[in-house]
Amino acid sequence: MLIDTHSHLFVEEFIEDLPQVMERARKAGVSYIFMPNIDSTTIDAMLSVCRDYPGFCYPMIGLHPTSVNESYEQELAVVHKYLSTSNEFVAIGEIGLDLYWDKTFLKEQILAFEKQIEWALEYDLPIVIHSREAFEYIYKVMEPYKKTPLTGIFHSFTGTSEEAAKLLEFEGFMLGINGVVTFKKSTLPETLTTVPLERIVLETDSPYLAPVPNRGKRNESANVKEHTYEGGGDLSDNSRARSRGHFC
Ligand SMILES: [Zn+2]
C-alpha cells in the first residue's frame with residue numbers, strides 16, 4: 001500500500017484530466033492521497049476534489065507561508081472558521097516558513113506559523129510543515145513544542161543528516177520525502193541511511209518535483225511509486241535505501 005502524503009491535485013494543472021490522474025494513482029497502488037491547502041483561494045477546489053473521491057482523497061486546512069502578506073489575519077480567520085465548523089480535515093497544512101521567495105513578511109510568517117501550531121494542539125490535528133531556506137527559524141519556532149503532543153510531517157525534507165537528526169528530536173514527526181530523492185545530484189539517498197525507516201513518509205508534492213525520468217514535467221500521485229525500490233529511480237545505487245522498498 002502506498003500513500004501520497006502531500007499532493008495538490010486540486011490546482012489548475014489537473015483540471016483537464018483529473019479522473020485519469022486518479023485512475024493512474026490507484027493503478028500504481030496508491031490507497032490514500034492527502035491534500036495540503038494553500039490559502040483561501042484554493043479551499044473550494046480542494047474540498048470539491050476530496051468530495052468527488054471520498055475514502056481516497058483527504059483535505060487539510062492551513063495557510064501556506066508564501067501566501068502570508070499584509071492581509072494574513074483575514075486569511076487565518078478563514079482557516080479558523082473551517083477548523084471550528086468542520087471535522088473533515090486530517091491535518092493543518094501546509095504551514096511554515098519560506099524565505100526563498102521573499103523575506104518581506106518574515107515576522108507575519110512566524111506569527112501565522114505559531115498561531116496554526118496552537119490550533120493544531122487545540123483541535124488535536126497533525127501539522128504539515130513547509131520549510132524553505134528557513135531551517136533555523138523553523139527549529140526556533142518549534143522548539144517550545146518539543147514536550148507537547150504535537151505531531152506532523154516536515155514536508156519535502158532535503159537537508160543534511162545533521163538537520164535530519166535535529167528534526168527527529170521532535171518525536172511525533174516524520175520526514176516527507178519526494179522526487180528530489182531521485183535527482184542525480186541529490187545527497188538525500190545518503191542522508192536517509194541515517195534516518196530510521198519508521199520516521200519517513202512518501203509524498204509527491206504534485207504538480208511539482210516530478211521524479212526522474214520525468215523531472216521538470218507535471219508530477220502526479222502515481223509517481224509516488226518512483227520513490228520506491230520497485231519504481232527504480234536513482235535509489236538503485238544505494239543498497240540501504242533500496243532495501244527499504246515501499247516506505248509508507
Ligand atoms: Zn506542497
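The values are calculated or read from the model by the stated rules, or taken from the named source; none is laboratory data. Please read these numbers as outputs of a predicted model, since none were measured by experiment. Positions of Cβ are backbone-derived with ideal geometry, glycine not excepted, and every protein chain shown enters the neighbour counts.
A few comments on the model shown:
- Filter result for Tyr82 (among the aromatic types (Phe, Trp, Tyr), farther than 18 Å from Lys115 by Cα and surrounded by fewer than 20 Cβ atoms within 10 Å (Cβ to Cβ)): no
- Of the residues in segment 159-171, not one is within 18 Å of Met60 (Cβ to Cβ) and surrounded by 14 or more Cβ atoms within 10 Å (Cβ to Cβ).
- Selection within segment 174-205 - small (Gly, Ala, Ser) and modelled with pLDDT of 95 or more: Gly176
- Pick from segment 93-118, criterion touching a residue at least 40 places away in the same chain (Cβ under 8 Å) and in contact with a helix residue (DSSP H, G or I) (Cβ under 6 Å, 6 or more places away or on another chain), ranking: farthest from the ligand (Cβ to nearest atom): Glu108
- Hits in segment 35-56 - residues which are surrounded by fewer than 23 Cβ atoms within 10 Å (Cβ to Cβ), of a type outside the set (S, T, N, Q) and not in a helix (DSSP H, G or I): Ile38, Asp39, Tyr53, Pro54, Gly55, Phe56
- Of the candidates Val68, Val78, Val30, the single residue that is touching a helix residue (DSSP H, G or I) at 6+ places or on another chain (Cβ under 6 Å), more than 16 Å from the ligand (Cβ to nearest atom), among the aliphatic types (A, V, I, L, M) and at negative phi is Val30.
- Whichever residue in segment 126-137 is closer than 30 Å to Thr85 by Cα and crowded, with 23+ Cβ neighbours inside 10 Å and, among such residues, is farthest from the ligand (Cβ to nearest atom): Ile127
- Hits in segment 206-233 (condition: within 16 Å of the ligand (Cβ to nearest atom), modelled with pLDDT under 95 and either closer than 25 Å to Leu167 by Cα or in a helix (DSSP H, G or I) (or both)): Tyr208, Leu209, Ala210, Pro211, Asn223, Val224, His227
- So Thr42, is it β-branched (Val, Ile, Thr), more than 19 Å from Gly176 (Cα to Cα), within 15 Å of the ligand (Cβ to nearest atom) and out of contact with any strand residue (DSSP E or B) (no Cβ under 8 Å at 6 or more places or on another chain): yes
- Inter-residue pairs, beta-carbon under 6 Å, first assigned to a helix (DSSP H, G or I) and in segment 11-31, second at pLDDT below 95 and surrounded by fewer than 13 Cβ atoms within 10 Å (Cβ to Cβ), 6+ apart: none
- Scanning segment 1-27 for residues that are surrounded by fewer than 19 Cβ atoms within 10 Å (Cβ to Cβ), modelled with pLDDT of 95 or more and more than 16 Å from the ligand (Cβ to nearest atom) gives Ile15, Glu16, Asp17, Leu18, Pro19, Gln20, Glu23, Arg24, Arg26, Lys27.
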